[in-house]
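Take a look at the structure below.
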Amino acid sequence: MRRVLASEWPIPVAAVAGSAWLSGGSSLLGPFASLGLPLIIAGRGTARRRFCVALAYYAVGCWPIVSAVLGYWGEHYAVMAWAAWAASAAALSLPWALPPGRGGLLAALLLTALPPLGVIGWLSPMNAAGVLFPGGGWVGVIGLLLLVALWPAAVNGLAGARIAIVGVLAGSVLMNLLAVVSPPALMPQDWVGVQTHVHPADGNILASIQNNQRIIEAGLRQGVGARVVVFPEAVLPDWYGGTKAQFAAAVPPGQVWLLGVQTNGRDAVVRVKQGDADPVPVAQAAGLLLGGDWQPWNPRTLRPAWWQRVFALDGQRVWAAICVEQVQPWTWLEALCQRPTVIFAQSNAWWAAPGSAAPGIQDASTRAWARLMGVGVVMAVNRIASIDVVGQAERTHPAAPNALQQA
């Protein structure tokens, strides 16, 4: 009986670690608990058991995919929702079946965090770097990699590995103590993130005009006295001449608006001043949209930029975390390479039903990585309080033009 219990406990513990992403909301509970995955798998066991342990973690943590697909595409896509959940959990679990010794755990960590598999690489234990090593930057990333790489040897009794792990953990404690006594990272003064409540117009011209006006009113109301006003991701489904003129006329003198738009097949950010709207985006989403908007076979699909570049504004080096980028470690590593001084996190969660954990997972991941970099974050989110489920079920999403109008 004792042997059976000892062999079975890792699976429920991994499930609890995955559930921390659901219950933790925007706190650091999910990122911290994610470290439990490699630590549990480092124990002895067959490849099948290691896969099952990882599957317990991801199957629970990926559960919001079901409601996200249903909210985005409609109730009649239930089969696709369940398939997306199962496929994501299985795909992310597979690398953890590698033998844990000789770098197997480290390989699994990197395979699930970097493309190609990393394009769905949320819930990654890489998020734990921000919890363990606040302000550490690349030192924190290396510290986490060392911890994961050395853990199997430490479990198997190698004294040198255990000493090294003690040193890494001592560094983590020191960094956390310094973070407690140091001033918190603050966003730049007079930068404001606008929170909106706009449902996509789905090609309805009248609804688009009304949405534009609501977005302008939200910016004027919430951005009073600000220098830079950040809007949510893809609140504008186009960046045509008429839209540019409308927003350029609306921006108060002395302000800069950073608007989330969809233009030229990109989920992007454009800069607008009084009387002047930039035709070229200052940032374009690097990550793949998980709502199914990226369809390589379709020339009219939304396309990822793959590299998110820092841009200069108001004396700052600015990095935009757009939508799904907030949960993809590889895009955050791009940010680390470019040393931003401020991050703005845009998302558009109109599809999220009340109580959905997906927006909280985005926030938690953003907090963890910003904490690792010691950088302030400006958040701008579009949410709607309730979703008309009947209306959602009646919507259609042809592969071509409508995909370009979804946020």
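The values are calculated or read from the model by the stated rules, or taken from the named source; none is laboratory data. Here the structure is a predicted model, which means the values were calculated and not measured. Backbone-built Cβ (ideal geometry, glycine too); neighbour counts: all protein chains shown.
Structure summary
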read-out	value
Which numbered condition Q213 fails, given (1) part of a helix (DSSP H, G or I); (2) within 30 Å of L111 (Cα to Cα); (3) at pLDDT 95 or above; (4) not charged (D, E, K, R)	(2)
Test for N176: is it surrounded by 12 or more Cβ atoms within 10 Å (Cβ to Cβ) and either at pLDDT below 90 or under 19 Å from V269 (Cα atoms) (or both)	no
Residue check, S19 modelled with pLDDT of 95 or more, in a loop (DSSP other than H, G, I, E, B) and either crowded, with 23+ Cβ neighbours inside 10 Å or out of contact with any strand residue (DSSP E or B) (no Cβ under 6 Å at 6 or more places or on another chain) (or both)	no
Unique match (being outside any helix (DSSP H, G or I) and either over 17 Å from the mean Cα position of the chain (by Cα) or modelled with pLDDT under 95 (or both)) among P12, P95, P100, P38	P100
Filter result for the condition that a residue is modelled with pLDDT of 90 or more, under 28 Å from D363 (Cβ atoms) and more than 22 Å from the chain's Cα centre (by Cα), over A218, A249, A268, A234	A218
Boolean, I142 is part of a helix (DSSP H, G or I), farther than 24 Å from W319 by Cα and either among the β-branched types (V, I, T) or modelled with pLDDT of 95 or more (or both)	no
Per-region count, the range 93-133, residues of a type outside the set (A, V, I, L, M, F, W, C), on the phi > 0 side of the Ramachandran plot and in contact (Cβ under 8 Å) with a residue 40 or more places away in the chain	1
Cβ-Cβ under 8 Å pairs, at least 6 apart or on other chains, the range 333-361 side of a type in the set (D, E), far side surrounded by fewer than 23 Cβ atoms within 10 Å (Cβ to Cβ) and modelled with pLDDT of 95 or more	none
Unmet requirement for V194, which otherwise passes all of (1) in contact with a Gly (Cβ under 7 Å, 6 or more places away or on another chain); (2) surrounded by fewer than 19 Cβ atoms within 10 Å (Cβ to Cβ)	(2)
Total residues in the range 124-144, condition over 28 Å from L94 (Cβ atoms) and polar (S, T, N, Q)	0
Count - residues of the range 233-257 that are under 20 Å from L206 (Cβ atoms) and part of a strand (DSSP E or B)	1
Qualifying residue in the range 121-129 (condition: modelled with pLDDT under 95 and either farther than 30 Å from T46 by Cβ or assigned by TED's automatic domain parsing to the domain that holds S19 (or both))	yes
Residue tally, condition in contact with a Pro (Cβ under 7 Å, 6 or more places away or on another chain), of a type outside the set (S, T, Y) and within 18 Å of A54 (Cβ to Cβ), over the range 124-158	7
Among (1) surrounded by fewer than 17 Cβ atoms within 10 Å (Cβ to Cβ); (2) not assigned by TED's automatic domain parsing to the domain that holds G43, the one test that G101 misses	(2)
Filter result for V280 (more than 30 Å from A87 (Cβ to Cβ) and not in a loop (DSSP other than H, G, I, E, B))	no
E233 being in contact with a helix residue (DSSP H, G or I) (Cβ under 6 Å, 6 or more places away or on another chain) and either touching a residue at least 60 places away in the same chain (Cβ under 8 Å) or assigned by TED's automatic domain parsing to the domain that holds A285 (or both)	yes
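Yes/no matrix, rows are residues, columns are (1) assigned by TED's automatic domain parsing to the domain that holds G61; (2) under 26 Å from G143 (Cα atoms); (3) modelled with pLDDT under 95:
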position	(1), (2), (3)
D314	no, no, yes
W332	no, yes, no
I343	no, yes, no
A353	no, no, yes
A358	no, no, yes
R371	no, yes, no
V381	no, no, no
A385	no, no, yes
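Each row is one residue, and each column tells you yes or no for (1) touching an Asp or Glu at 6+ places or on another chain (Cβ under 6 Å); (2) of a type in the set (K, R); (3) buried (at least 17 other Cβ atoms within 10 Å of the Cβ); (4) not assigned by TED's automatic domain parsing to the domain that holds V235.
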{"site": "A149", "(1), (2), (3), (4)": "no, no, yes, yes"}
{"site": "A170", "(1), (2), (3), (4)": "no, no, no, yes"}
{"site": "A185", "(1), (2), (3), (4)": "no, no, yes, yes"}
{"site": "A218", "(1), (2), (3), (4)": "no, no, yes, no"}
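Residues checked against (1) hydrophobic (A, V, I, L, M, F, W, C); (2) farther than 30 Å from G376 by Cβ:
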residue: W96; (1), (2): yes, yes
residue: L105; (1), (2): yes, yes
residue: A108; (1), (2): yes, yes
residue: A113; (1), (2): yes, no
residue: G118; (1), (2): no, no
residue: G130; (1), (2): no, no
residue: P134; (1), (2): no, no
residue: I142; (1), (2): yes, no
residue: L146; (1), (2): yes, no
